[in-house]
1. Which aspartates and glutamates have a Cα less than 19 Å from the Cα of residue 54, not counting those fewer than 8 places away in the same chain?
2. Along the positive direction of the dipole of the chain (beta-carbon charges: Lys, Arg +1; Asp, Glu -1; about the Cα centre), which of 197, 313, 8 reaches farthest?
3. Please label the shape of segment 175-339 as rounded, prolate or oblate, based on the square roots a ≥ b ≥ c of the eigenvalues of the alpha-carbon gyration tensor (a/c under 1.5 means rounded; beyond that, a/b larger than b/c means prolate, else oblate).
4. State the answer as a single residue: which of 133, 159, 236 lies farthest towards the positive end of the charge dipole of the chain, with beta carbon charges of +1 for Lys and Arg and -1 for Asp and Glu, about the Cα centre.
5. Would you tell me the accessible area of residue 292, worked out with a 1.4 angstrom probe on the heavy atoms of the protein chains, in Å² to the nearest 10?
6. Pull out a ≥ b ≥ c, the square roots of the eigenvalues of the alpha-carbon gyration tensor of segment 130-169, then state rounded if a/c is under 1.5, prolate if not and a/b is larger than b/c, and oblate in the remaining case.
7. So, counting K/R as plus one and D/E as minus one, what does the shell of residues with Cβ under 10 Å around residue 243 add up to?
8. Suppose we flag GluC sites (Glu not before Pro) only when DSSP calls them loop and at most 13 other Cβ atoms lie within 10 Å. Which is the longest uninterrupted stretch of the chain?
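The values are calculated or read from the model by the stated rules, or taken from the named source; none is laboratory data. Nothing here was measured: the structure is a model prediction, and the numbers come from that model. As a convention, Cβ positions derive from the backbone with ideal geometry for all residues, glycine included, and neighbour counts pool all protein chains shown. In case anyone asks, the SASA skips ligands and DNA or RNA and just uses the protein heavy atoms, side chains included. Shrake-Rupley method; radii C 1.70, N 1.55, O 1.52, S 1.80 Å.
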Amino acid sequence: MELKIQRTTAPAQKPSDPRTMGFGTIFTDHMFTMDYTPGQGWHDAAIVPLEDLKIHPGAAVFHYGAEVFEGMKAYRTAEGEIQLFRPWDNMQRMRDSAERIQLPDFDPDFLLQAILRLVDLDRDWVPEAPGTSLYIRPVEFCTDVDLGLHCIGSAKLLVLLSPVGAYLTGGLKPVDILIEDTDVRAVRGGTGYTKCGGNYAAANRAAARAEEKGYAQVLWLDGVERRYIEEVGSMNVMFKIDGKVVTPALTGSVLPGVTRRSCIQLLRDKGYEVEERLLSVEELAAALEAGKLEEAWGCGTAAVISPIGKFCYQDKCYTIGEENGPCAQWLYDTLTGIQWGRQADPYGWVCKVPRA
Ligand code: COI
């Protein structure tokens, strides 16, 4: 398929102080778009100036949440090169997410090439201040104008770019977590292993309640027994217990995170034993009380690593530590070292953005 490119004639002002950009509210000059219709397949692939969409209000995305997305970043190295981190994994996960809700499949190589071209065109938007990057947000949704609940026919796929600072205000420092015992984020057999917008909408009420009580994030338990730890906020979660790292197994309701996968590999290569298994909240509390819970952290593309200082469950609070633990700090330094090109990439995780 041909990729058309239409450049903006009115480039926007770039943020004057990249350290105050926050996350996800500023967008670059261009976006990628392509459309799918039955019979024709994917067509009209183009990079165009960022603009509002004209979509019929009856489109299924607005009524039945027929939408999946991805999150990845472009990093500027000290040499001024721009690079992505494991984008092939994001392409595959987006296909898996689309398959789950029956949005049309796409050619991952074509989409990645289009993303590289888009980032290249807006490369001046990739910020250079420490800790800043260009967040890449692919999104695919159903455009069928039909209030009947039918199989999906037509779809649109967009890629937006947003220069970002730290995801969590305060940067890398331990946060307090509330273990949620009422709402659940996802259940096995549902959409928990995908990046469907609905998973994130389902998390809003608990997140709002936690925020009101002064907690940074919610720790999610499984939806069946309400005992087993699954994720923290919108991230995967890891615990260092008695020298080993334990992370919830991918049971179907846990997102197979790219950062999670990268942490597991880095930790194992460093000699840590990493267990992917069920971990109950009782086991976690017992480990803490026995002095064996050494560290805990969330991991995801947006926040990278977010150490957990304290968790509270049914009015009882457990303090892990007030400083970043050495393992979380090492993971953060190593991952960001590879992502920003400050250290070698022995894994082939980095994908350079070529200049056109
Ligand atoms: C990411 O970490 O990239 C995500 O998709 C989470 C999102 C809520 C920002």
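1. 29, 35, 44, 67, 140, 144, 146
2. Of the candidates, 8 comes out farthest on the positive side.
3. On the way: a/c = 1.44, a/b = 1.18, b/c = 1.22.
Note, shape of segment 175-339 comes out rounded.
4. The residue sitting farthest along the positive end of the dipole is 133.
5. 90
6. Working: a/c = 5.88, a/b = 3.20, b/c = 1.84.
Judged from the Cα gyration tensor, segment 130-169 comes out prolate (a/c at least 1.5, a/b above b/c).
7. Numbers: positive: 240, 244, 292; negative: 242, 273, 294.
Taking every Cβ under 10 Å from that of residue 243, the sum is 0.
8. Values: sites that count: 2, 51, 79, 128, 225, 273, 322, 323.
Counting only loop sites that pass the neighbour cut-off, the longest clear stretch is 129-224.
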